[in-house]
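Data first, discussion second: the structure below is written as structure tokens.
What follows draws every value from the coordinates through simple rules; no lab data is involved. Note that the structure is a prediction, hence the values are computed from the model and not measured. Positions of Cβ are backbone-derived with ideal geometry, glycine not excepted, and every protein chain shown enters the neighbour counts.
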Amino acid sequence: MNVIFDNIIFSLQRTGGISVVWNELLSRARVDKELHCTELDYKQGMTPRWMERYRIPAFTAETPAIFHSSYFRILPQQGVHNVTTVHDLTYHFYRKGMAKAVHLWEEERALRHSEAVICISENTKRDLMRFYPWLQEDRIHVVYNGVSEAFAPIPSAQKKGYLLFIGNSMVDYKRYDVAQEVARLTGLELRTPTCVSQAELNTLYNEALCLLYPSDYEGFGLPILEAQKAGCPVIAQGRSSIPEVMGEGGWMVKPDTPHRMAQEMAAIVSEIQSRSTQQMIQKGMENAKRFSWDKTYLQTKQVYENIYHNDHV
């Protein structure tokens, strides 16, 4: 099966959830003997044109082929079957003006020309169908993200009593302001690491008192699983995809205001400080077992195979 991976995401961001997902898919596809993989890589060997992310790739495929872009691009060539992954609908909810208009144009173009659409959670699928009711539901496949085996308890780790916030603190819906208020209310240090390795992040999870995840909206919520896998207690806001990803392995709050959320989270932090959390930690570790990058890859590959064989290409 001939599959073309469009690596445009790596020219758009250095780090981020989409890059993590794409790297995990690529690492498995490259060693899969059942695939003939071609990568369009604009960081290694291909020169991006002006506004490359919005353009049709300057590439002619050997057909039949599956074309899967990392970020809303298509290859409109006869014999090529396009697959689009939707990670979230944040532009619909939180962006305005020209940036929103251009992104939605790009997104809709990809959806209209894709034979299969992958959503990374049931919540993302519901949001997608809300904004694009003309999409046929049987074209949409929910394939959950995985979680790296790099995250695990460190037997020698010592808890250092700080709160951990993972996410872009500059984006309002991530609710860094709530995490700051929780730190103020509890008198605890708040750490917000950026650009750290998985090994360093695993150590942070192991040493933290808990992870604060007050986000208003997530397409998935990967840090929740990373923390659970590392044995770190999680306190999150129970909105969007978070309940389906987190399961029962943590504390969820559903407040009516950010201030109330901070108060509820601070109360849970005090509870964590005063009693054993081993039972909840164990639930979190069990929940994280539901997710793996191998499963993500195999389910994604199945989407390719369904298109390839059902259309008799």
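Figures for the structure shown
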| read-out | value |
| --- | --- |
| Cα-based Rg of the chain normalised by 2.2 N^0.38 Å, two decimals | 1.05 |
| Among TYR132, TYR71, TYR205: highest mean-square fluctuation, GNM of the chain, C-alpha pairs under 10 Å | TYR132 |
| Surrounding net charge for THR277, when Lys and Arg each add one and Asp and Glu each subtract one, Cβ distance under 13 Å | +2 |
| Options SER69, ILE9, LEU35, ranked by Cα towards positive dipole end of the chain, top entry (Cβ charges) | ILE9 |
| Alpha-carbon Rg with Dmax, taken over segment 93-240, Å | 18.1, 54 |
| Total formal charge among the other residues, if their Cβ is under 13 angstrom from that of GLY161, Lys/Arg +1 and Asp/Glu -1 | +1 |
| Relative contact order for segment 217-271, counting Cα pairs under 8 Å that sit 6 or more residues apart, in percent | 31 percent |
| Residue among VAL102, THR300, THR186 farthest towards the positive dipole end of the chain, charges placed on Cβ | THR186 |
| Helical contribution to [θ] at 222 nm, DSSP H n ≥ 4, -39,500 (n - 2.57), averaged over the chain, rounded to 500 | -12000 deg cm²/dmol |
| Ranked PHE10, PHE151, PHE59, criterion: other C-beta atoms within 10 Å, fewest first | PHE59, PHE10, PHE151 |
| Estimated dipole of the chain in Debye, rounded to 20 [Cβ of Lys and Arg +1, of Asp and Glu -1, Cα centre] | 500 debye |
| Debye equation applied to the C-alpha atoms of segment 1-109, log10 I(q)/I(0) at 0.10 Å⁻¹ | -0.30 |
| Relative packing of peptides 34-41, 121-128 - highest average C-beta neighbours within 10 Å first | 121-128, 34-41 |
| Taking ARG95, ARG73 and counting other C-beta atoms within 10 Å, the order from fewest to most | ARG95, ARG73 |
| Given charges at beta-carbon only (K, R positive; D, E negative), |dipole| of segment 187-313 in Debye | 200 debye |
| Contact order normalised by residue count of segment 163-288, Cα under 8 Å, 6+ apart, percent | 26 percent |
| Pairwise FRET efficiency - ARG30 versus THR257, Cβ, R0 = 45 Å, nearest 0.05 | 0.40 |
| FRET efficiency, 1/(1 + (r/R0)^6) with R0 41 Å, evaluated for GLU122 and GLN279 via beta carbons | 0.90 |
| Length-normalised contact order for the chain - Cα pairs under 8 Å, 6+ apart - percent | 16 percent |
| Residue order, fewest to most surrounding Cβ atoms within 10 angstrom, among LEU111, LEU212 | LEU111, LEU212 |
| Computed Rg/Rh of segment 163-288, alpha carbon atoms with Kirkwood Rh | 0.92 |
